[in-house]
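Written below as structure tokens is the structure these notes are about.
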Amino acid sequence: MDYLLRGQAVSVRILKAILRSGRIGHAYLFKGPAGSGKTALAKQFAKALLCLNGDSPEGLPSNSGTELGCNECPSCVRVDGDAHPDLIMIEKDGTSIGISAAHSMLKEVLTRPFVSKRKVFIIKDAETLTAEAANALLKLLEEPPAYVNFILTTANESAIPATVISRCQVIPLRAMPAEAVAAYLQEVHNVPEDRSRQIAALSDGSIQKAVWLLSQPDGQKANGEALTDKVMNGSLVELALEYSKADSGERQKLLAALQLEFAEKLSQAAMEYDKRQYGPDNSQAAVLKRNFEALKAIMRARQRLSANTNAFLVFCTLFMDMQRLNSEEI
Ligand SMILES: [Zn+2]
């Protein structure tokens with residue numbers, strides 16, 4: 001969990017202050033961008049709330065160490081093993097959390113905890129609660145039984161009804177700094193340090209994206225190479241049409257593959273570049289500049305796509321930029 005403590009130091013400090021104060025709210029909302037570790041942090045906070053080694057009247061841990069929870073008692077061990085009967089994870093079924101999930105929560109809160117002194121519900125992606133489900137839960141969020149706590153998470157606070165938000169204490173998380181993403185890859189996926197840094201640099205501060213990049217390094221590279229080849233030699237308009245018809249996840253994957261390809265070209269060019277040997281106006285400098293400009297164009301395209309700009313125009317512009325850069329005299 002070192003990566004969480006490094007990446008979300010501020011939020012962790014807030015949570016520890018809450019635990020130390022002994023004044024635990026009924027409901028918390030962890031908000032932060034996708035891949036910022038909201039669920040992982042929610043689990044850590046739940047672990048501290050459920051820990052059996054607490055010595056305060058509420059049973060909360062008073063240790064001021066670096067971790068949340070003692071990590072040793074049967075409760076902490078069960079949370080780490082995803083097998084705690086008093087920690088209930090609510091996730092969307094398909095695209096939403098519907099009324100049946102709300103009803104089962106209403107029922108579940110009535111039984112007392114088995115192992116710990118509390119019962120914690122983590123509601124993932126709370127923006128996917130249907131209006132009906134959110135309404136059904138309002139009363140419960142405001143006044144649950146004393147032994148119940150809720151932790152809601154969201155990357156899209158504006159899609160949650162104000163009536164829900166007003167019943168929660170909001171804990172903001174930031175995008176993960178690259179060094180925390182690298183630490184995560186090393187800690188959880190045993191990725192060697194060099195590679196973890198490379199991937200982290202392309203992850204936009206998202207653990208999800210880093211895991212995705214990790215999962216398909218070879219296929220992705222082949223994609224990037226194949227596409228670069230098509231762009232340089234094919235018909236721009238046809239290609240832009242083809243790619244603009246892909247679904248949004250597919251488009252982002254495509255651009256991520258291109259970005260990875262050019263990021264590698266750029267770092268290769270940077271390593272080979274030796275100013276003293278060639279002087280400032282040499283072909284190495286031009287290669288460096290060309291790859292840098294291409295990378296910038298790709299990143300711009302990714303931003304514009306996520307801002308819902310017309311995909312066809314985004315791809316046309318990108319492919320034109322890339323062809324122009326390629327044909328520039330060096
Ligand atoms: Zn414990």
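Numbers at a glance
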| quantity | calculated |
| --- | --- |
| Answer residue from the stretch 241-270, given it is aliphatic (A, V, I, L, M) and within 15 Å of Arg302 (Cβ to Cβ) and is nearest to the chain's Cα centre (by Cα) among those | Ala256 |
| Residue check for Gln268: at pLDDT 80 or above and closer than 22 Å to Ala201 by Cα | no |
| When residues of the stretch 300-324 are limited to those that are touching a helix residue (DSSP H, G or I) at 6+ places or on another chain (Cβ under 7 Å) and surrounded by fewer than 16 Cβ atoms within 10 Å (Cβ to Cβ), the one farthest from Leu258 (Cα to Cα) | Phe312 |
| Residues that are more than 9 Å from the ligand (Cβ to nearest atom), over 22 Å from Thr111 (Cα atoms) and open to solvent by 50 Å² or more (accessible area, probe 1.4 Å), drawn from the stretch 66-80 | Thr66, Glu67, Asp80 |
| Lone unmet requirement of (1) open to solvent by less than 60 Å² (accessible area, probe 1.4 Å); (2) out of contact with any Pro (no Cβ under 8 Å at 6 or more places or on another chain); (3) under 28 Å from Gly54 (Cβ atoms) for Glu143 | (1) |
| Residue among Ala246, Ala201 that is under 30 Å from Tyr3 (Cα atoms) and of a type in the set (A, V, I, L, M) | Ala201 |
| Complete set of residues in the stretch 169-184 that are open to solvent by less than 30 Å² (accessible area, probe 1.4 Å) and free of Cβ contacts under 8 Å to residues at least 60 places away in the same chain | Ala182 |
| Condition check for Met105: within 29 Å of Gly22 (Cα to Cα) and outside any helix (DSSP H, G or I) | no |
| Number of positions in the stretch 100-150 that are hydroxyl-bearing (Ser, Thr, Tyr) and over 14 Å from Ile88 (Cα atoms) | 3 |
| Residue ranges of helices (runs of 4 or more DSSP H) in the stretch 136-232 with at least 1 members within 18 Å of the chain's Cα centre (by Cα) | 178-189, 193-201, 207-215 |
| Qualifying residue in the stretch 226-235 (condition: surrounded by fewer than 17 Cβ atoms within 10 Å (Cβ to Cβ), of a type in the set (S, T, N, Q) and over 21 Å from Met299 (Cα atoms)) | yes |
| Filter result for Glu225 (at pLDDT 80 or above and farther than 20 Å from Pro33 by Cα) | no |
| Ser116 being within 16 Å of the ligand (Cβ to nearest atom) and polar (S, T, N, Q) | yes |
| Within the stretch 236-249, considering residues that are in a helix (DSSP H, G or I) and surrounded by fewer than 11 Cβ atoms within 10 Å (Cβ to Cβ), the one modelled with the lowest pLDDT | Gly249 |
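Residue-by-condition table, conditions (1) open to solvent by 20 Å² or more (accessible area, probe 1.4 Å); (2) in contact with a strand residue (DSSP E or B) (Cβ under 9 Å, 6 or more places away or on another chain); (3) of a type in the set (D, E, K, R):
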| position | (1), (2), (3) |
| --- | --- |
| Ile123 | no, yes, no |
| Ala126 | no, yes, no |
| Glu132 | yes, no, yes |
| Leu137 | no, yes, no |
| Asn156 | yes, yes, no |
| Thr163 | yes, no, no |
| Ile199 | no, no, no |
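The values are calculated or read from the model by the stated rules, or taken from the named source; none is laboratory data. Model, not experiment: these values are computed from the prediction. Note that each Cβ is placed from the backbone with ideal geometry, even for glycine, and that neighbours are counted across all protein chains shown. Just so you know, the surface numbers come from the protein's heavy atoms only, side chains and all, with ligands and any DNA or RNA stripped out. Shrake-Rupley method; radii C 1.70, N 1.55, O 1.52, S 1.80 Å.
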